[in-house]
Amino acid sequence: MTLIRLLKSSLQAVTIVVAFASLDNALKMDSLQAAEESAQVRIIDPYIELHTGPGRGFPIFFVAEEGEWIEILKSKTSWYKVRLKNEKLGWVNKRQLKKTLNVDNEIVVLDDPDFDEYLNRDWEIGVLSGDFEGASVISLYGGYHFTQNLSTEISVSQALGNFSEIRMATVNVINEPFPDLKPLTWVPYLEDVHASPFFGIGAGVMETLPRATLVQTIDRQDDLLFVTAGAKFYLTRRFLLRMEYRRFVVLTDRNQNEDVEEWKLGFSIFF
């Protein structure tokens, strides 16, 4: 089976895993909502806006003013269903609820069970694409997390250039020293974005297949060593955005090794 077929099969597997992950997450969310106890909080902002549904696309139908007490009933992603003293029901964004006090006159801290699952994830798989020294590259990777900071990954990649096709298989170790950074706290509506910078080292093998229509040359296989760095951005539920840079040293059988750079961007899921 060629690498392209392998990637296509793997992408189908990713799609199936995403579907099951979404279903599993929905079931967990229903369970959490059913078990969640209501909480009383007091508004300390000039006002908070109540929407008719859990999203900015739903219209604002009421404004609760500073000093009012509200009851938190349940959550859905970053939105919370609340009830006012006048029995009005509506949905409030998590960002506004951070500006409320509990019955002990303390700032309310809202847990995020989805993010807790992200920090304590075991497995992670994803698809990335980008540039490998001028050639278009696509990669599929899978990783296992030993701790929140340490993980190992394996990946397969294919790069298509003007004169050759390159296939790679690599294994690496990744360290994430700060898995729960919030680098955009100063940007409105992005203050809750979580980023996890990472760096690592790895090794692998690369096979170079010249195009058959060109001058007859033999296929070449070389070993690889590389360093990697990048960042993972927690999006929502079980999804991540991943940016990655790799610098390879290709250990050739000639007098001089080759240095190659790779940039990639893609999406991952975890479970």
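Roughly what % of Cα-Cα distances in segment 36-111 sit above 19 Å, to the whole percent?
Percent of Cα pairs beyond 19 Å in segment 36-111: 23.
Can you tell me how much longer the chain between Ser129 and Thr52 gets when fully stretched, taken as 0.36 nm per residue apart minus their C-alpha distance, in nm with one decimal?
Working: separation 77, 0.36 × 77 = 27.72 nm, distance 3.94 nm.
Here the answer is 23.8 nm.
Just rank Trp91, Trp123, Trp186, Trp263, fewest to most, by other beta-carbon atoms within 10 angstrom.
Ranked by crowding around the Cβ, least crowded first: Trp186, Trp123, Trp263, Trp91.
About the Cα centre, and with charges only on the beta carbon of Lys, Arg (+1) and Asp, Glu (-1), how big is the dipole of segment 36-111? Nearest 20 debye, please.
With Lys and Arg at +1 and Asp and Glu at -1, about 360 debye.
Convert each backbone phi in segment 155-164 into a coupling constant with the Karplus relation 6.51 cos²θ - 1.76 cosθ + 1.60 (shift: θ = phi - 60°), then list the ³J(HN,Hα) values in order as whole Hz, x for Gly and Pro.
8, 10, 9, 9, 10, 10, x, 6, 10, 7
Just list whichever of Lys81/Lys232; Lys76/Lys232; Lys232/Lys264 have alpha carbons separated by over 18 Å in the model shown.
Pairs exceeding 18 Å: Lys81/Lys232; Lys76/Lys232.
What residues have an amide H closer than 5 Å to that of Leu73, excluding those fewer than 5 places away on the same chain, when H is modeled at 1.01 Å from N in the peptide plane?
Lys81, Val82, Arg83
The numbers here are math on the coordinates, done by the rules we state, and not lab data. As the structure is a computational prediction, the values presented were derived from the model and not from experiment. In this analysis, Cβ positions are derived from the backbone assuming ideal geometry, glycine residues included, and neighbour counts consider all displayed protein chains.
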